[in-house]
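Notes follow once the structure below has been shown.
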Amino acid sequence: MNPDRAGLDRARLDRVGLDGEQSHWRVRIKSLYGGVLGAGTMLDTRHVLTCAHVLSKELQPPTEQVLVELVLLPGMPSARATVAAGFWVPVLDDERGDIAVLRLDRPLPSARNAPLLRLPLTLQQGVRAYGFPEGAEIGLWSSALLSGGGGPSGEWVQLQEATDAEPMTEGFSGAAATDADTGSVIGMVVAKPETPDGSVSRATWMIPVDTIVGYLPDLDAWVQGDPAVDRSFWTSPDSDAHSVPFAREFAGWLAHDETGQVRVVVTGESGSATAGGLRLAVLLADRERPRATDALFAAVPRDAVPPQGSVDLAVDAAGKTVEEVRRRLAGRLGIVAGEARHLIDRARRRLQPQTVVVDGIDDAAEPESLVADVILPLSHRAAELGIRLVLGFRRESSPGVTAVRSTISGVIPARLTLLQGRVTELAALEAGNAEQYAQLQNRFIDPPEVVREVPFLEAALAQLQAGTGDSVARKIAECEEATDRALIAARQLRARYEAMLRRREELRARLELYRARATDHRLALDLAHDEIHRALWVGRCDLVAAAVAVEGFGAEVRRAISAAEQA
């Protein structure tokens with residue numbers, strides 16, 4: 001290969017992260033006979049996390065060995081592995097489970113621990129994965145957005161692949177799904193070729209880290225980040241010790257997204273039916289809930305079961321100090337309480353609200369200080385921080401109840417100020433997208449157009465700012481939701497534009513890789529290469545057609561090499 005061309009290919013590979021930290025923990029799993037089974041994630045130098053169906057579709061763990069390879073570190077030796085004792089969760093009848101850990105027969109010294117992280121998940125959160133689809137045994141990158149919970153019993157999160165990204169087909173099963181912003185592993189890809197009825201599955205899913213730990217608690221030793229729900233919520237009430245009507249109403253409330261809401265719940269003492277109903281709903285919403293609660297889960301009416309993961313943080317304040325509650329907020333959500341009752345913004349900007357439950361506030365070690373220093377500032381800035389609050393008090397007579405309710409009525413001006421900032425941000429995004437669209441029109445066939453929502457939202461905001469009383473309180477949530485949807489769409493469009501440029505670069509690199517292999521084997525495929533080269537470098541590019549042409553060229557190169565070797 002030409003040294004200059006090799007350097008160019010390496011620079012392109014560097015940009016997609018093939019030589020980064022992830023090279024030391026993303027692995028390929030193969031059978032001893034050479035076939036690629038799927039992907040995996042190194043937990044340490046001897047253990048690999050993957051999907052159970054990658055290894056076997058049976059209920060019992062397989063005894064056969066497989067090969068584990070650090071495929072992104074060329075020249076590194078492989079190791080043999082079998083399922084680690086006690087780390088097998090087969091695919092159950094309803095498709096739940098599907099988790100396994102392999103133990104290698106010897107350590108891989110170049111391996112590093114993958115950064116598994118419990119992280120609150122939100123719609124449109126970007127993720128990346130590296131898998132091994134058929135015809136690409138060295139692996140390919142793909143990107144997607146989290147599009148919503150679902151799958152068996154709502155345990156999974158669906159991945160919406162970027163339009164121009166590599167499809168996450170079966171060879172991606174077991175791959176780490178990394179958060180696009182932080183690079184942390186937030187889940188594991190599940191890409192199955194068939195549904196239980198034998199039809200072809202078109203959906204790709206992710207098993208969140210919290211759910212994985214729920215099935216295999218011993219994996220907690222390899223996971224960073226605070227759990228979503230305090231363990232005291234796991235002491236579930238007996239079937240007759242909770243209010244099903246309250247749990248049903250609360251589950252319905254959790255299923256709707258309204259940023260900035262602050263809800264006060266007076267439960268009565270800790271053994272009351274309402275207190276039990278609140279704790280039951282929080283328990284059932286926890287992705288990490290212990291599997292021992294499955295019987296309770298089955299006994300609760302379906303409409304009283306909240307969506308899994310719909311509670312991002314649940315703190316049992318009973319007996320806790322102000323500092324202990326503050327640390328829980330900081331550890332899970334990045335919200336830090338500062339000096340003199342003020343909050344410092346360290347919350348990660350998210351378009352979907354994060355639900356925070358703080359229960360037993362008036363039974364805290366310092367209830368008055370907790371309300372004054374943490375709860376009231378948090379209530380006042382709930383909309384700004386992108387959260388909604390559920391505040392549980394035991395007694396109606398508690399001073400904090402009146403204080404929080406008074407604060408709720410005064411948050412509208414702060415919400416209007418935040419809404420103005422979001423509309424301004426949207427205007428900048430839409431202007432930037434329009435400028436990029438004008439450039440992409442000359443580079444690609446039919447790039448998606450910009451839809452301008454700002455004029456309508458500015459008019460709605462002006463009406464809210466001129467209004468008074470209950471009418472503003474009723475309509476502000478609708479305008480907030482419309483603005484959030486427009487922000488999501490604008491950010492998606494920007495990501496789509498960037499993905500188109502990345503996809504073209506990836507196709508260019510793959511074409512040149514195939515050309516180099518043809519040159520090394522003295523194959524006469526120049527005309528086919530030159531035609532595809534023009535499609536990728538000259539004029540307006542059709543990415544779908546170009547991808548088909550590149551893979552067709554690659555297949556032709558492989559066939560020609562095979563024929564030459566057999567001659």
Hey, Arg394 open to solvent by less than 30 Å² (accessible area, probe 1.4 Å) and of a type in the set (Lys, Arg) or not: yes
Residues located in region 30-47, provided they are more than 21 Å from Met206 (Cα to Cα) and either within 30 Å of the chain's Cα centre (by Cα) or touching a residue at least 60 places away in the same chain (Cβ under 8 Å) (or both): Lys30, Ser31, Gly35, Asp44, Thr45, Arg46
Residue among Gly151, Gly183 that is without any contact (Cβ under 8 Å) to a residue 60 or more places away in the chain and either within 21 Å of Ile212 (Cβ to Cβ) or surrounded by fewer than 24 Cβ atoms within 10 Å (Cβ to Cβ) (or both): Gly151
Hey, Arg517 farther than 29 Å from Thr122 by Cα and basic (Lys, Arg) or not: yes
Close pairs (7 angstrom Cβ cut-off, 6 or more residues apart or separate chains): β-branched (Val, Ile, Thr) in region 434-455, open to solvent by 90 Å² or more (accessible area, probe 1.4 Å) anywhere: Ile445/Arg540
In region 48-78, the residues that are of a type in the set (Gly, Ala, Ser), modelled with pLDDT under 90 and open to solvent by less than 30 Å² (accessible area, probe 1.4 Å): Ser56
Scan of region 526-554 for residues that are of a type in the set (Lys, Arg) and part of a helix (DSSP H, G or I), ordered by number: Arg534
Odd one out for Asn442, checked against (1) touching a Ser or Thr at 6+ places or on another chain (Cβ under 7 Å); (2) open to solvent by 70 Å² or more (accessible area, probe 1.4 Å): (1)
Selection count where residues are more than 23 Å from Ile99 (Cβ to Cβ) and either surrounded by fewer than 17 Cβ atoms within 10 Å (Cβ to Cβ) or modelled with pLDDT under 50 (or both), scope region 1-34: 23
Members of region 97-139 that are basic (Lys, Arg) and under 18 Å from the mean Cα position of the chain (by Cα): Arg118, Arg128
Failed condition for Leu37, given (1) open to solvent by 10 Å² or more (accessible area, probe 1.4 Å); (2) over 18 Å from Val189 (Cβ atoms): (2)
Residue in region 476-492 that is open to solvent by less than 40 Å² (accessible area, probe 1.4 Å), in contact with a Ser or Thr (Cβ under 9 Å, 6 or more places away or on another chain), under 21 Å from Gln125 (Cα atoms) and assigned to a helix (DSSP H, G or I) present: yes
Pair list, Cβ under 7 Å, 6 or more apart: region 271-290 residue under 14 Å from Val357 (Cα atoms) and part of a loop (DSSP other than H, G, I, E, B), other residue open to solvent by less than 10 Å² (accessible area, probe 1.4 Å) and among the hydrophobic types (A, V, I, L, M, F, W, C): Asp286/Ala228; Asp286/Val229; Asp286/Val311
Enumeration of residues in region 79-100 that are at pLDDT below 90 and among the basic types (Lys, Arg): Arg96
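Could you please give the count of residues in region 440-455 that are part of a helix (DSSP H, G or I) and over 31 Å from the mean Cα position of the chain (by Cα)?
1
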Residue list for region 127-140, filter: touching a strand residue (DSSP E or B) at 6+ places or on another chain (Cβ under 7 Å), modelled with pLDDT of 80 or more and open to solvent by 20 Å² or more (accessible area, probe 1.4 Å): Arg128, Leu140
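The values are calculated or read from the model by the stated rules, or taken from the named source; none is laboratory data. This one's a predicted model, so the numbers in the text were calculated from it and none came from an experiment. So basically every Cβ, Gly included, is an ideal-geometry build from the backbone, and we count neighbours across all protein chains shown. We work out accessible area using only protein heavy atoms, side chains counted, and drop any ligands, DNA or RNA first. Shrake-Rupley method; radii C 1.70, N 1.55, O 1.52, S 1.80 Å.
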